[in-house]
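Presented below is the structure to which this report refers.
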Amino acid sequence: MDPVIDVTLRTALALLFFVAAGHKLQDLGRFRATLAEYRLLPAGLVPLAAALVVPSARAAGLVSAATLLVVYGAAVAINLARGRRHIDCGCAGPAGRRPISGALVARNAALAALALAGLVPVHPRALLWVDGLTVAGATAALAAFYAALDRMIVFAPGLARLRGDA
């Protein structure tokens, strides 16, 4: 894998986890209540985002990210199977409440696959200034794509009701 792809992937995942941690830290009480509602997850936090941006912790950070995403996706899937669709996913932080859905399971599976794809060996080469611009632009594009996908997940159930699909 080209180092620019590697750095972009790790930077985008780190950004995702930093933002997610920020949401949770804004209201730790609500975060703890959300975790408790799943009735599956431990209450500990993993210092994951930092591990993703430290080159020497690359593999551990990527495996930890994938593991966390799979565990969270499994927790959502188990609760959906139990019929507990009312649970707040905890994705929006204290700003909003969002019920769990199958789309969150699919999103986490895709993100976990991307994290694992980051384990492909990197072919070293000298990074140039243009590579920095590429990483910044690609990370911004991935963040915008993720935000758009997140909005689609939020609004899709309401749109289905408006069309009469649900």
Matching residues, segment 34-57, being at pLDDT 70 or above and either more than 16 Å from T8 (Cα to Cα) or open to solvent by 40 Å² or more (accessible area, probe 1.4 Å) (or both):
P55, S56
Counted residues, segment 118-138 - those being modelled with pLDDT of 90 or more and within 27 Å of G102 (Cα to Cα)
1
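Would you check which residues across segment 120-147 are among the small types (G, A, S) and in a helix (DSSP H, G or I) and list them? It would help to see each step written out before you state the result.
Step one: filter segment 120-147 for residues among the small types (G, A, S), giving 126, 132, 136-138, 140-141, 143-144, 147.
Residues satisfying the conditions are G132, A136, G137, A138, A140, A141, A143, A144, A147.
Please go through segment 116-150 and pick out each residue that is without any contact (Cβ under 8 Å) to a residue 24 or more places away in the chain and β-branched (V, I, T). Before the answer, list the steps.
We begin by selecting, within segment 116-150, every residue without any contact (Cβ under 8 Å) to a residue 24 or more places away in the chain; these are 126, 128-130, 132-133, 136-137, 140-141, 144-145, 147-148.
Scanning segment 116-150 gives a single hit, V130.
Please work out if A14 is at pLDDT 65 or above, out of contact with any Pro (no Cβ under 9 Å at 6 or more places or on another chain) and either surrounded by fewer than 16 Cβ atoms within 10 Å (Cβ to Cβ) or assigned to a helix (DSSP H, G or I) (or both).
Against the criterion (at pLDDT 65 or above, out of contact with any Pro (no Cβ under 9 Å at 6 or more places or on another chain) and either surrounded by fewer than 16 Cβ atoms within 10 Å (Cβ to Cβ) or assigned to a helix (DSSP H, G or I) (or both)), A14 qualifies.
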Test result for L104, at pLDDT 85 or above and surrounded by 17 or more Cβ atoms within 10 Å (Cβ to Cβ):
yes
Residues located in segment 118-136, provided they are within 19 Å of the chain's Cα centre (by Cα) and exposed (fewer than 14 other Cβ atoms within 10 Å of the Cβ):
A136
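The values are calculated or read from the model by the stated rules, or taken from the named source; none is laboratory data. Keep in mind the model is a prediction, meaning the values are calculated, not measured. Every residue, glycine as well, gets a Cβ built from its backbone with ideal geometry; the counts of neighbours run over all protein chains shown. Accessible surface areas use protein heavy atoms only, side chains included; no ligands, DNA or RNA. Shrake-Rupley method; radii C 1.70, N 1.55, O 1.52, S 1.80 Å.
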